[in-house]
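So the structure is just underneath, and the comments pick up after that.
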Amino acid sequence: MTEPGKVSMEKIVSLCQRRGFIFPSSEIYGGLSSCWDYGPLGVELKRNIKDAWWRAVVQERDDIVGLDAGILMHPQTWAASGHLEGFSDPLVECKNCHLRWRVDDLKDKNCPSCGGELTKPRLFNLMFKTFMGPVEEEANVVYLRPETAQGMFVNFQNVVNTTRKRIPFGITQIGKAFRNEITTGNFVFRSREFEQMEIEFFVKPGTDEEWFNYWLEERLNWYVNLGIKKEHLRLRQHTKGELAHYARVCYDIDYLFPMGWAELEGIANRGDFDLVQHVKYSGKSLDYFDDETKERFIPYIIEPSAGVDRSALAFLCDAYDEEPAEDEIRVLLHFHPSLAPIKVAVLPLSRREKLVEAAKQIYADLRQCWIVDYDDAQSIGRRYRRQDEIGTPFCITIDFQSLEDKQVTIRERDTMKQIRVPISELKAALAAKLSGEDLFVLPPGGQIWKE
Ligand code: GAP
């Protein structure tokens, strides 16, 4: 067994590239620094993470609604939000090789690359700029959003007016954000283009502390319920010096990544900072009228803000395992079934026509419900290993006996145990197992095959 928290980043990167989870961006041109492309399995993993978020915060609740705001927003948004002024890192430049460094990353007073003398620190804004329309001039500058949050603040009144949501309620969105990060590295942990899943939860001032504590617990539980080990998560409060300009209080949910503890998600009490700022800059009213108490106020905002890419990395690291199996090492990903990119693999024991025909029929049927793989290349043992390595929870084997008795075997990834079930019961049995039912709870006509 891989020791908890001890998988190396090299192993994760290698698995991701080898099996098609994540590739360097535009690799044929040598890659683009800190940008990544998600391959056929990575895109499924990300979709499953986002679906799990949406299910937990929109589908299963009645106090949060979704939104999909644009990446490009009115440039005044960023003046109001404080990002134009405050979203910057202090940088120094080497007078000799002209490389730039973040001041807080320096261990020495000279350039880490060539030893040259460094300039005094200057602030460097992390937002990507571009131009709207055909003329590239200052008046047409727009920014790629550095957080999805602002789209939800500027739509607060639209949501209140068009839904029947009353405070406390939240808005959530999932989408791309861009930051011209200076310190990058650690694979997808810090990228220049990434995806966020954020909730802006609007509450009455005075109830904010209670809601803040509520969200700390909810968000921790979300990761644990999706399979992350509790001991690999911790809460860490931001010190005064670390707090973002908008935050009154902030905690990070840290994960024990291969490079050590680092932020997976931030949960902030943003108070009324954002809405007050948008009122000031837009001249529009963003206050809220409470019909019950007849009070008018600007709500406070509690913000859980998670990264899809960091979550994907954490789920990969936590799922990774190696165990000895018949003179070799079995690499496997213990993904929670709802996160596994492929839920079921259909494996005919041979390529004989009759077997292939039966297997293809099962494959077509199961694909109506899930993302399913079909693999008939190489020995059955090798095929099992391939599926283990990408975290497929169940493999279905069709053998010659299946043609006679109309039964197939279901093999479970983690235990490698098998049951044999009638083909007519297969879909229902898989649905139950994928929802967490024990393998040995047998459907009608089923039997234990290999313990
Ligand atoms: N709206 C608040 C906000 O954006 P943040 O702590 O800067 O807060 C929230 O970002 C989350 O977004 C982080 O916890 C992380 O998961 C993700 N994130 C931020 N910067 C990132 C980057 N450069 N690469 C990947 N994920 C990033």
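The values are calculated or read from the model by the stated rules, or taken from the named source; none is laboratory data. Note that the coordinates shown come from a computational prediction; the quantities given were computed from them, not determined experimentally. Cβ sites come from the backbone with ideal geometry, for glycine too, and all protein chains shown count toward neighbours. All accessible areas refer to the heavy atoms of the entire protein, side chains included, with ligands and DNA or RNA removed. Shrake-Rupley method; radii C 1.70, N 1.55, O 1.52, S 1.80 Å.
Below is a table of values for the structure above.
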read-out	value
Virtual spin-label span in nm between Ser88 and Val43, 7 Å along Cα→Cβ	3.9
For Tyr320, residues with placed amide H under 5 Å, excluding near neighbours	His334
Residues of segment 16-48 with amide N under 14 Å of a point placed 7 Å along Cα→Cβ from Ala377	19-20
Pair Asn155, Phe128: separation of 7 Å Cα→Cβ label points (nm)	2.1
Inter-part distance where segment 292-334 and segment 7-24 are each reduced to a Cα centre, Å	18
Check: segment 175-315 dipole with +1 on Lys, Arg Cβ and -1 on Asp, Glu Cβ, in debye	460
Amide H partners (placed H, <5 Å) of Tyr374, local residues excluded	Val346
Relative packing of 269-276, 321-328, 283-290, 70-77, which averages over residues the other C-beta atoms within 10 Å, highest first	269-276, 70-77, 283-290, 321-328
Links that overshoot a 32 Å alpha carbon limit, given the list Lys354/Lys433; Lys204/Lys240; Lys229/Lys360; Lys229/Lys450	Lys229/Lys360
Residue-span extension gain [Glu181 to Trp449] - 0.36 nm each, minus C-alpha spacing	91.1 nm
Ranking by accessible area, most exposed first, for Tyr300, Tyr251 with a 1.4 Å probe	Tyr251, Tyr300
From phi via Karplus (6.51, -1.76, 1.60), per-residue ³J(HN,Hα) for segment 73-78 in Hz, x at Gly/Pro	10, 3, x, 5, 3, 7
Those trypsin sites (Lys or Arg not before Pro) in segment 140-224 that DSSP places in a loop and that have at most 12 other beta carbons within 10 Å	Arg164
Approximate spin-label separation Glu137-Glu292, in nm, with each point projected 7 Å along Cα-to-Cβ	5.4
For segment 382-387, 3J(HN,Hα) per residue [Karplus equation, 6.51 cos²θ - 1.76 cosθ + 1.60, θ = phi - 60°, Hz, x = Gly/Pro]	5, 5, 4, 4, 4, 6
Size of electric dipole in the chain: Cβ of Lys, Arg +1 and of Asp, Glu -1, about Cα centre, debye, nearest 20	520
Solvent exposure of segment 94-230 as accessible area per residue, Å², 1.4 Å probe	52
Segment 367-440: GluC sites (Glu not before Pro) in DSSP coil with no more than 16 other Cβ atoms inside 10 Å	Glu437
Considering only segment 331-417, percent of DSSP beta bridges that pair antiparallel, nearest 5	35
Label zone at Leu235, where the point sits 7 Å out along the Cα-to-Cβ direction: segment 192-218 residues whose backbone N lies under 15 Å	208-218
Residue-averaged [θ]222 nm for the chain, counting only DSSP H segments that reach four residues, each worth -39500 (n - 2.57)	-8500 deg cm²/dmol
Using θ = phi - 60° and Karplus 6.51 cos²θ - 1.76 cosθ + 1.60, couplings along segment 201-212 (whole Hz; Gly, Pro as x)	9, 8, 9, 6, x, x, 9, 5, 5, 4, 5, 4
Debye, to nearest 20: dipole size of segment 277-344, +1 on Lys, Arg Cβ, -1 on Asp, Glu Cβ	680
Bridge type composition, the chain - antiparallel percent by DSSP, nearest 5	85
Estimated FRET transfer efficiency (His98, Thr207; beta-carbon r; R0 45 Å; 0.05)	0.30
Crossing angle, helix 423-434 versus the chain [Cα axis fit, 0-90 degrees, rounded to tens]	30
Charge context of Ala428, other residues only, Cβ under 13 angstrom, K/R +1, D/E -1	-1
Long-range HN-HN contacts of Arg367 with modeled amide H, under 5 Å	none
Whole-percent carbon and sulfur share, accessible surface of the chain, 1.4 Å	50
Trypsin sites (Lys or Arg not before Pro) restricted to DSSP loop in segment 35-88 with at most 15 other C-beta within 10 Å	Arg61
